[in-house]
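One structure is given below, encoded as structure tokens.
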Amino acid sequence: MAAFFLAGMIGTSHVALLSMLTELERQVERVGAVYVDAISIMAAPHILAKDRQAVYYALDRAMRLARSVHKHQVLALDAEGNVLAHIVRDADADPDIPRPANSLFRMGAGGESAWVGEAVWIDGDVIGYLMTEIDISDIRAHHTWLRWTVMVVDLVIGVFCALLGFALMHRMLTPIRVLTDRLTAFGHGDVRVMPAEELPPASTEFGRLMRSFNGMAAAVRDRERLAADMAAHDRSAALGKLAATVAHEVRNPLAGMSNAVATIRRFGDSPTVRDQSLSLLERGLESIGDVVQATLSTHRGGPGQRVLTAADLEDLRLLVAPEARRRGVVLEWTVAVPDTADVRATELRQILLNLLLNACATTPAGGTVRFTAERGGDALSFSIEDQGGGMPPEVARSLERQEEDPGLPPKGLGTRVVMHLVRELSGKVSVASSPDTGTRITLTIPLNQE
């Protein structure tokens, strides 16, 4: 923009200089015409008489009297164009004499002189012509000085205005750059608002725009905080649900172990009874230890990023089986994966546990929940089928898109936990749901997770 402004200034200067040059030529022409008119008055009678000597003296006298105009040469011609007198004062006079005309003006070679001439009239008849070459070097020099002065001044003004324009544009565009940087950071998850001291006045367009951005960023930040709180709440609810199931599972072997202790007290003298009771106590403790270890591995995780093993899937079966028995649901379990798979075990166990517990919760007594795990290419595929009344469409859309659907209820069966963890594992979820046949959820997790 500054370049266009500077070009406009220079172009305007050239137009002004061309106008000055045209005015210079007119000025020279007027001065020359006045001088030729004076010569015409003195030499007209002699030109009519074709008295060459008298014409010569008249021209010489005129050249001597008009000292304000420096003449290189002057000519007098009769009506037929014959030279009556020709006086040359300077050696550098223009040798290219123009043809006579009623009105003559022509710039000389190099622009340092000009030819001025006109016809001599008496009683309406042309009796001859007068022409003179006058020196305009001083005027030309003044014009050249003036031209360069105007150009330099225009250039200085143009550069100053261009710099001023650049500074003003830089200042005007600063809010746009700031807003662009904030939008770029916003796209990468940085939802900080701009400090109030960096905002333009609220009365300006930029001020209103940047305050609107702050309002949007604050709303998104609050929404993310609320989503995180809700996800934590859902996770806590799922953990509480699991704790109740674990407590139920632990209570059963504890009852048997208490009976074994009572039997030992009453019939401890019998080696057979004692061995049977101690064996029952040992199995009960092993069962309780398995349930506790599976729970800790799922919800606390171990140090670093542990890869998935077949034991992790067996722990899931152990954790889900008591809930399925409590609800009268048949659990079908099919696992066809390697002993170890290069995916993060802790997050995957949490996803599968949430989905399996929800499947048990939605399946009526006597129904079946099927779990299938297999490897397909560079990914693990997990399928969970229930025979419930189908999944709400907004929940299914949220799982498949891995983003909250506008209709997702505030408290939704661990949906937000599952979405968050699936995104961390770069996984995909597909849902096939019907009120008549139930829901089938397919989870695909790529191997080699960082």
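Of all residues being aliphatic (A, V, I, L, M) and within 60 Å of the chain's Cα centre (by Cα) in the stretch 269-299, which is modelled with the lowest pLDDT? Just the residue, please. Show your work before the answer.
The initial filter retains those residues of the stretch 269-299 that are aliphatic (A, V, I, L, M), namely 273, 278, 280-281, 285, 288, 291-292, 294, 296.
From what's left, within 60 Å of the chain's Cα centre (by Cα): 288, 291-292, 294, 296.
On the way: ILE288: 74, VAL291: 65, VAL292: 72, ALA294: 61, LEU296: 65.
Ranking the qualifying residues of the stretch 269-299, first place goes to ALA294.
Please work out which residue is surrounded by the fewest Cβ atoms within 10 Å (Cβ to Cβ), limiting yourself to the stretch 127-138 and to residues that are touching a strand residue (DSSP E or B) at 6+ places or on another chain (Cβ under 9 Å) and over 16 Å from VAL55 (Cα atoms).
If we filter the stretch 127-138 for residues that are touching a strand residue (DSSP E or B) at 6+ places or on another chain (Cβ under 9 Å), which is where we start, we get 127-137.
Then keep just the ones that are over 16 Å from VAL55 (Cα atoms); that gives 133-137.
Numbers: GLU133: 26, ILE134: 22, ASP135: 19, ILE136: 24, SER137: 12.
So the residue we want is SER137.
Sort through THR204, THR174 and tell me the only one that's polar (S, T, N, Q) and under 20 Å from the mean Cα position of the chain (by Cα).
Working: THR204 fails: under 20 Å from the mean Cα position of the chain (by Cα).
Going through THR204, THR174 in turn, the sole match is THR174.
What number of residues within the stretch 367-393 satisfy the criterion of being in contact with a Ser or Thr (Cβ under 6 Å, 6 or more places away or on another chain) and hydrophobic (A, V, I, L, M, F, W, C)? Explain how you work it out, then say what you get.
In the first step, residues of the stretch 367-393 are kept if they are in contact with a Ser or Thr (Cβ under 6 Å, 6 or more places away or on another chain); the result is 369, 372, 374, 379, 381, 383, 386-388, 390-391.
Now drop any that are not hydrophobic (A, V, I, L, M, F, W, C), which leaves 369, 379, 391.
Qualifying residue count for the region: 3.
Just to be sure before I move on: is THR442 touching a residue at least 60 places away in the same chain (Cβ under 8 Å), open to solvent by 10 Å² or more (accessible area, probe 1.4 Å) and under 26 Å from ALA311 (Cα atoms) in the structure I sent? Please lay out each step first, then the result.
Numbers: touching a residue at least 60 places away in the same chain (Cβ under 8 Å): yes; open to solvent by 10 Å² or more (accessible area, probe 1.4 Å): yes; under 26 Å from ALA311 (Cα atoms): yes.
When the stated conditions are applied, THR442 passes them.
Identify, from the list PHE186, PHE160, the residue that is open to solvent by 50 Å² or more (accessible area, probe 1.4 Å), under 21 Å from the mean Cα position of the chain (by Cα) and among the aromatic types (Phe, Trp, Tyr).
Working: PHE160 fails: under 21 Å from the mean Cα position of the chain (by Cα).
Result of the check over PHE186, PHE160: PHE186.
If the requirement is being at pLDDT 75 or above, open to solvent by 10 Å² or more (accessible area, probe 1.4 Å) and touching a Phe, Trp or Tyr at 6+ places or on another chain (Cβ under 8 Å), which of these qualifies: ARG327, ARG317, ARG344?
Numbers: ARG327 fails: touching a Phe, Trp or Tyr at 6+ places or on another chain (Cβ under 8 Å); ARG344 fails: touching a Phe, Trp or Tyr at 6+ places or on another chain (Cβ under 8 Å).
After ruling out the rest, the residue left standing is ARG317.
Does ALA101 qualify as being free of Cβ contacts under 8 Å to residues at least 12 places away in the same chain, closer than 20 Å to VAL31 by Cβ and surrounded by fewer than 16 Cβ atoms within 10 Å (Cβ to Cβ)? If you could, list the steps in order and put the result at the bottom.
On the way: free of Cβ contacts under 8 Å to residues at least 12 places away in the same chain: no; closer than 20 Å to VAL31 by Cβ: yes; surrounded by fewer than 16 Cβ atoms within 10 Å (Cβ to Cβ): yes.
Considered against the rule, which asks whether it is free of Cβ contacts under 8 Å to residues at least 12 places away in the same chain, closer than 20 Å to VAL31 by Cβ and surrounded by fewer than 16 Cβ atoms within 10 Å (Cβ to Cβ), ALA101 comes out as no.
When the residues of the stretch 38-55 are filtered to those that are touching a strand residue (DSSP E or B) at 6+ places or on another chain (Cβ under 8 Å), assigned to a helix (DSSP H, G or I) and open to solvent by 70 Å² or more (accessible area, probe 1.4 Å), which remaining residue is modelled with the highest pLDDT?
Applying the filter and picking the extreme gives ARG52.
Out of curiosity, is ASN82 in contact (Cβ under 8 Å) with a residue 24 or more places away in the chain and either more than 18 Å from ARG61 (Cα to Cα) or among the hydroxyl-bearing types (Ser, Thr, Tyr) (or both)?
Working: in contact (Cβ under 8 Å) with a residue 24 or more places away in the chain: no; either more than 18 Å from ARG61 (Cα to Cα) or among the hydroxyl-bearing types (Ser, Thr, Tyr) (or both): yes.
Spelling it out, it is not the case that ASN82 is in contact (Cβ under 8 Å) with a residue 24 or more places away in the chain and either more than 18 Å from ARG61 (Cα to Cα) or among the hydroxyl-bearing types (Ser, Thr, Tyr) (or both).
Please determine whether any residue of the stretch 414-430 is of a type outside the set (Val, Ile, Thr), surrounded by 20 or more Cβ atoms within 10 Å (Cβ to Cβ), under 18 Å from ALA361 (Cβ atoms) and at pLDDT below 90.
Within the stretch 414-430 (the criterion being of a type outside the set (Val, Ile, Thr), surrounded by 20 or more Cβ atoms within 10 Å (Cβ to Cβ), under 18 Å from ALA361 (Cβ atoms) and at pLDDT below 90), the answer is yes, since at least one residue qualifies.
Out of all the residues in the stretch 386-399, which are open to solvent by less than 50 Å² (accessible area, probe 1.4 Å) and in contact with a strand residue (DSSP E or B) (Cβ under 7 Å, 6 or more places away or on another chain)?
Residues satisfying the conditions are ASP386, GLY388, GLY390, MET391, ALA396, LEU399.
In the stretch 202-218, how many are under 20 Å from ASP181 (Cβ atoms) and open to solvent by 40 Å² or more (accessible area, probe 1.4 Å)?
So the first thing to find is which residues in the stretch 202-218 are under 20 Å from ASP181 (Cβ atoms), and the list is 204-218.
Checking the rest, the ones that are also open to solvent by 40 Å² or more (accessible area, probe 1.4 Å) come to 204-206, 208-209, 211-212, 215-216.
Within the stretch 202-218, residues that are under 20 Å from ASP181 (Cβ atoms) and open to solvent by 40 Å² or more (accessible area, probe 1.4 Å) number 9.
Return yes or no: is LEU357 of a type in the set (A, V, I, L, M) and at pLDDT below 85?
Working: of a type in the set (A, V, I, L, M): yes; at pLDDT below 85: no.
Judged against the criteria, LEU357 is not a match.
Give me the pairs: first residue in the stretch 261-278 and surrounded by 13 or more Cβ atoms within 10 Å (Cβ to Cβ), second residue aromatic (Phe, Trp, Tyr), beta-carbon distance under 9 Å, and six or more apart or on different chains, which are they?
Listed pairs, sorted by first residue: VAL273/PHE267; ARG274/PHE267; SER277/PHE267.
In this structure, does ALA162 turn out to be more than 20 Å from ALA85 (Cβ to Cβ), touching a residue at least 24 places away in the same chain (Cβ under 8 Å) and hydrophobic (A, V, I, L, M, F, W, C)? Spell out the reasoning first.
Numbers: more than 20 Å from ALA85 (Cβ to Cβ): yes; touching a residue at least 24 places away in the same chain (Cβ under 8 Å): yes; hydrophobic (A, V, I, L, M, F, W, C): yes.
Yes; evaluated as a whole, the condition is true for this residue.
The values are calculated or read from the model by the stated rules, or taken from the named source; none is laboratory data. Remember, it's a predicted structure, so these values are computed and weren't measured experimentally. Virtual Cβ from ideal backbone geometry, glycine too; neighbours counted across all protein chains shown. Surface accessibility is based on the protein's heavy atoms, side chains included, excluding ligands, DNA and RNA. Shrake-Rupley method; radii C 1.70, N 1.55, O 1.52, S 1.80 Å.
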